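Each value in this text was obtained by applying a stated rule to the coordinates, not by laboratory testing. Everything numeric in this text was worked out from a predicted model, so none of it was measured. Methodologically, a virtual Cβ is constructed for each residue, glycine included, from the backbone with ideal geometry; neighbour enumeration extends over all protein chains shown.
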Amino acid sequence: MSDGEFTYRTAAEETWRIFRIMAEFVEGIDVMSKVGPAVSIFGSSRTTPDNPYYHQAEELAAKLTRHDFAVITGGGPGIMEAANKGAFEAGGKSIGLNIWIPMEQEANAYQNVSLDFHYFFVRKVMFVKYAVAFACFPGGFGTMDEFFESMTLVQTEKIRPFKIVLLGSRFWNPMMDWMRETMLGTHGNISPEDLDLFTITDDVDVAVSMICTHFEKDRALAGQPHTTEEMEMTPERRTTAEGTVYGVPPRSKARNRTRRQ
């Protein structure tokens, strides 16, 4: 096999990969654009049905459903199953964004809207774009990933600031202490106001109230702007069709830099 032939095949494979990625986005957007205001709920897949957090996730989802929110999870067991179960049994939209992984995720039985994803990053866009809030229960790397990505998007104002609620103070408070004492205090890597971007609580009713109150103040989180104030926002503050804020191009001192819009 010649170098030229090898390079050609690699380029072709990468081209087809783009179409596979596009196909996941097209299907995801087509389905998710119809669900209405939703809350994404995260937490450990290892949480068992006898765990208090399982019951709290089930309760939270049911109560959000009664306030006309759809519930989005990763579709697996544990906290995801609990949240889907709560929404499903309350008669609401129970959405599972399932992922193909080598260990073979077992999709829970409480989904009435299901999507399967090969690409984690496409799936993560769906979690954020169609959510008006995030609710995170104790979890592992996946939960941390979703939490910190949402924090980054809100902190940088790349998305409209939605409500981020962490349930389970015994789990989350040590991380809060580390963020305050180490990230902020010792190293100055965040600002004091960044610690106000999320709320820790043990009370499901408090979480539901905060999500509902925040959504009532900013219903544009669920789609296109509705108020005159939102319509008159400057271009860099307007929300794009993919759910992020336009922003402004980065400044660069580099010479002969080519910028693509």
For this session: Please state, rounded to one decimal and in Å, the Kirkwood hydrodynamic radius that the stretch 70-213 gives when every pair of distinct Cα atoms enters the mean of 1/r.
Result: 16.2 Å
Exercise. With contacts defined as alpha carbon pairs under 8 Å and 6 or more residues apart, what's the relative contact order of the stretch 36-237 in percent?
Worked result: 20 percent
Problem set entry | Those lysines that a straight Cα-Cα span of less than 28 Å connects to LYS129, excepting residues fewer than 8 apart in one chain | LYS34, LYS63, LYS85, LYS93, LYS158, LYS163, LYS217
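Show me the GluC sites (Glu not before Pro) within the stretch 33-98 that DSSP assigns to loop and that have at most 15 other Cβ atoms within 10 Å of their Cβ. Don't jump to the answer; show the numbers that get you there.
Details: sites: GLU58, GLU59, GLU81, GLU89; in loops: none.
In loop regions of the stretch 33-98 (DSSP not H, G, I, E or B), there are no sparsely surrounded GluC sites (Glu not before Pro).
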Problem set entry | Point-to-point label distance, PHE141-PHE121, nm (Cα→Cβ direction, 7 Å offset) | 1.8 nm
For this session: Tell me which residues come under 5 Å, amide H to amide H, from ASN108 once H is placed; ignore anything under 5 positions away on its chain.
Result: GLY76
Exercise. Say the dipole of the stretch 153-196 comes from +1 at the beta carbon of Lys and Arg and -1 at that of Asp and Glu; which of ILE159, MET179, PRO192 then lies farthest toward its positive end?
Worked result: ILE159
Exercise. Over the stretch 153-202, what is the relative contact order in whole percent, taking alpha-carbon pairs under 8 Å and six or more residues apart?
Worked result: 50 percent
Seminar exercise, completed: Place a point 7 Å from the Cα of GLU89 in the direction of its beta carbon; the residues of the stretch 39-67 whose amide N falls under 18 Å from it are 47-67
